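Below is one structure, written out as C-alpha cells, with a few remarks after it.
A short reminder: the numbers here are calculations on the coordinates, not readings from a lab. The structure displayed is predicted, hence computed values, not measured ones. Virtual Cβ from ideal backbone geometry, glycine too; neighbours counted across all protein chains shown.
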Amino acid sequence: MTDQNLPEEVYYERLPTERRRDFYSEGSYDEAFEDDLPAISLAEILSILWARRLWLVAAGLAGLLLALGYSLSQTPLYRSTATIELNPPTVPILSGGSGSAEEMVVPATDYEFQETQIGILRSRALAERVVQDLDLVSATEPDASSTQPSVEVAASAIGTGLSVQPTANSRLVELSYVSPNPAEAARLVNGFAASYVQLTLDRKYEATIAARDFLEERIATVRNDVNEAERELIEYAQANGIVLLGGEDGEQGSAGSLTGNSLATLNSALAAAQQRRIAAEQRFRQADSIGEVNSSTAALRQELASLQAEYEEKSTYLQDSFPDMVRLRSRIDELNRQIEAETSRSIAALRAEYQAALAEENSLSQRVAQLSSEALGERADSVQYNILQRELDTNRALYDALLARYNEVSVASGIGSAQAAIVDSGQVPQVPFSPNTIRNSVLGLLLGLALGAGLAILYDRLTNTIKTKDDIKQKLNLAALGAIPKKEKHKELSDDLTDPHSEIYEAYANLRTTLQLSTTGGFPKTLLVTSSNPEEGKSTTSYSIAMQLAAVGKRVLLIDADMRKPTFAVDQREDQGLASLLTSDSPASDHVLRTSHETLFLMPSGPLPPNPANIIRPGRLSEIFEELSPNFDVIVVDAPPTLGFADSQLLGSACQGTLFTIESGKTRTRAALTAINQLQISGVRLLGAVLTKAPLTAEDYSYSYKYYSQPVTDSRVINLLSGPEDADGKWPKADL
C-alpha cells in the first residue's frame with residue numbers, strides 16, 4: 001500500500017515542489033501516484049529470504065523428506081544399453097556392366113535412413129519378433145478379457161521398456177531397456193539388437209529372392225520370344241529363296257544372302273583386276289616409249305657404256321683402222337644388237353600381260369552386272385526379312401541383358417555390407433539407475449527451497465509491511481528519523497535502555513540527535529509519540545527519548561496520554577493524572593510525579609474515562625503546556641494508537657511536533673498511511689517516523705524483513721518508572 005490512500009490535498013502537500021506543478025496536469029491522483037511505486041530489487045529479495053530463512057529451511061527439509069520418501073517407495077529399475085551401427089544402403093552411379101563389386105557408389109540420405117530404422121526399432125513387429133526369438137510367450141500370461149494372441153500381449157508388455165536414442169554426429173544408435181530385473185534388462189536389450197540385425201538381413205535376402213524370381217520369369221518369357229523370332233526368320237528365308245550364310249562368329253544371317261555375298265566378292269575381284277590391268281597397261285606404255293622394260297638389259301647397257309667410253313678415249317690417239325679400235329667397234333655393235341633383241345622380247349611379254357588383265361576385267365564386269373541385276377530383284381524380298389532380323393536381334397539383346405542381371409543378383413546376394421551391426425552388447429547392470437536417491441534429494445531440496453523462497457516473497461508482497469527506513473521514505477513519504485534494533489532474547493529491555501554500550505541505547509541517542517536537528521528551533525518543546533496500532537514500541541520510544549534527554553541534563557516531563565490502556569500505571573490518587581487535569585481547573589503541577597531519575601518527571605494518565613476523546617480539548621491542552629513549559633525543557637507525550645481513535649489527532653494538534661513509530665515487518669503500509677492521513681488532516685505536524693524492533697540488518701544494510709516475534713510489552717517499562725514512595729505508599733508529587 002502506498003500514498004495512493006491519501007486524499008488529493010494531503011498527497012499534494014507531500015509531493016516535492018518540482019512535482020506539484022505537474023500534479024493536476026498528469027490526469028488524476030492515481031496517475032501521479034504510479035511513479036512512486038517502488039520496485040523490488042535483488043537486495044530486497046535477499047533480505048526477504050534472509051528474514052524468512054526458517055521458512056526456507058522448513059520448505060527445503062520438507063522437499064528433501066518428500067523426495068527421500070518418493071525414492072524409497074519406488075521399485076528399483078535397472079537399465080542395460082546396447083549400441084548398434086547403421087550402414088545406409090549404397091546406390092551405384094557408375095557400372096561397367098559386368099556386375100563387379102568394384103563399382104562407384106554413393107550413400108543414401110543418412111537422416112531419412114536413420115529415422116526409418118529408429119521407427120523400425122520401435123515398431124510392434126520387431127517386438128513380436130523378439131518375443132518369438134526369445135520364446136517369451138510363456139513368460140507373459142494373456143489377459144482374460146483380451147482376445148489378442150499371446151504374442152501380441154507379450155510384445156506390448158516388453159515394448160514399453162525400450163528406448164531408442166541416436167548418437168549425435170554419428171551412425172550409432174543406443175538401445176536401452178529398463179526392467180526391475182537386471183538380467184532381464186540385458187537379455188531383452190540384446191534380444192532387440194540381435195532381432196533387428198537379423199531382420200535387416202532377412203529383408204535383404206527376401207528382396208534378392210524376389211528379384212531373382214522376377215528375373216527368372218522374364219528370362220523364360222524372352223527366351224521363348226527369341227526362339228519364335230528365329231523360327232519365323234528361317235521360314236521366311238526358305239520361302240523366299242534367301243540363302244543364309246554364317247558369319248565369322250558362326251551366327252546365321254550375319255553375312256547376308258548368297259547373291260549379296262557373291263556380288264560383294266566379285267566386286268572386290270573386279271576392283272583387283274582393274275588395278276592389275278591398269279598396272280600392266282602402265283608398264284607396257286612406259287616400256288614402249290623409253291625402250292627400257294626391266295633390269296635384264298641393265299648389264300648389257302652398262303657394258304655398252306663402258307666400251308663406248310673406252311672407244312672414245314682411244315680414238316684420240318688411234319686411228320679407226322687400228323686393230324683395237326676395230327675390235328671395240330665390233331663389240332659395241334654386238335651389244336646394241338643384243339639390247340634391241342632383249343627389249344623386243346620384254347615389250348611383247350608386257351603386251352601379253354596387259355591383254356590378259358584386260359580380258360579378266362571385262363569378264364568380271366559382266367558377272368558383276370549380272371549379279372547386280374539379281375541383287376536388285378532380291379531387295380524387295382529382304383525388307384520383311386530385315387524386319388524379322390531386327391526383332392530377333394532385339395529379343396536376343398534383351399535376353400542377354402536379363403541373363404547378365406540375373407547373374408549379378410545371384411552374386412550380390414552373397415556379398416555387400418550389412419545395414420546394421422552390433423557394436424556393444426548390453427551388460428547386466430549392477431546398480432539401479434532409478435530411483436536416483438541423490439538426484440531426487442537434491443531436486444527435492446532445491447524445489448523446496450524455491451517454493452519456500454516464492455512463498456516468502458509472495459507473503460511479503462501480499463502483506464506489504466514497512467520493514468526498512470527506505471520503505472518509510474518510499475511508501476509513506478515521511479522522513480526516516482531512525483531505526484531501533486530489536487532486543488536480543490537473552491537480554492532485558494531495561495538493561496539495553498540504560499546501557500550506553502548497547503545498540504538500542506545508541507539507536508535512541510541517534511534518534512534524539514535527529515529530532516534535535518529536525519526543526520530550525522532545535523528539539524520540539526512538546527513532542528507527541530504515537531503509532532498506527534498498539535504494541536509498536538511507542539511507549540518505549542517515549543520513555544527512551546525522555547531518558548536520553550534527562551541524561552544530557554534536560555528537565556523532561558513524560559505524559560502518559562493513553563487514557564484507554566495506560567502504560568505508566570502507578571498506584572496513585574484518583575484525582576492525579578492527565579484525565580483529572582483535563583476535566584478540572586487544578587494546577588498542572590499537582591499532577592506531576594517525581595521519578596527515580598532526578599530530571600525526569602511523570603504525569604500519569606489518571607482515572608480512565610469512558611470516552612477519552614470527549615475530554616481532550618486542544619485549548620485546554622495548550623493551557624496545560626503553557627503552564628508546564630517554564631518548568632520543563634521538553635514535554636514528551638505518549639499518545640494512544642491513531643487508528644480507530646481520535647485521541648492522537650487531538651493531542652497532536654496542541655504539540656509542536658509528532659513522532660510516528662512503526663514496528664518493522666508488522667505495520668502494514670495501508671494502516672500506516674491511514675493513520676498518517678488522519679494526523680495530517682487534523683493539522684498535526686509530523687516530524688517523521690522511527691522504525692522500531694528492526695533487525696540489525698535493517699539499520700546496517702537498510703533492508704530486513706523479519707517480524708518481531710516476541711514483542712516487548714509496555715508493562716516492562718512500569719518497573720523502570722518505579723520511584724521512591726511516600727509514607728502513604730504513594731508517589732510523591734514533584735516539587736516544581
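Quick notes
- Label-point gap, in nm, between ARG327 and LEU455 - each point 7 angstrom along Cα→Cβ: 16.2
- Estimated FRET transfer efficiency when R0 is 35 angstrom, pair ASN181-LEU66 (beta carbons, to 0.05): 0.80
- In nm, spacing of pseudo-spin labels at ASN362 and GLU598 (7 Å Cα→C-beta vector): 18.3
- Were the residues from GLU235 through THR463 laid out at 0.36 nm apart, the gain over their Cα-Cα distance would be 70.6 nm.
- Counted charge near GLY452, where neighbours are those whose Cβ lies closer than 12 Å (Asp, Glu -1; Lys, Arg +1): +2
- Taking segment 630-673 and a reference point 7 angstrom along Cα→Cβ of LYS565, the backbone N atoms nearer than 17 Å belong to 638-648, 661-664, 666-668, 672.
- Separation of the alpha carbons by more than 18 angstrom is noted, of LYS469/LYS554; LYS538/LYS693; LYS538/LYS565; LYS486/LYS525; LYS538/LYS666, for LYS469/LYS554; LYS486/LYS525.
- Peptides 459-469, 632-642 ordered by packing proxy, namely the average of other Cβ atoms within 10 Å per residue, highest first: 632-642, 459-469.
- Inter-probe distance in nm under a simple model that places probes 7 Å from Cα toward Cβ, at GLU115 and THR265: 7.3
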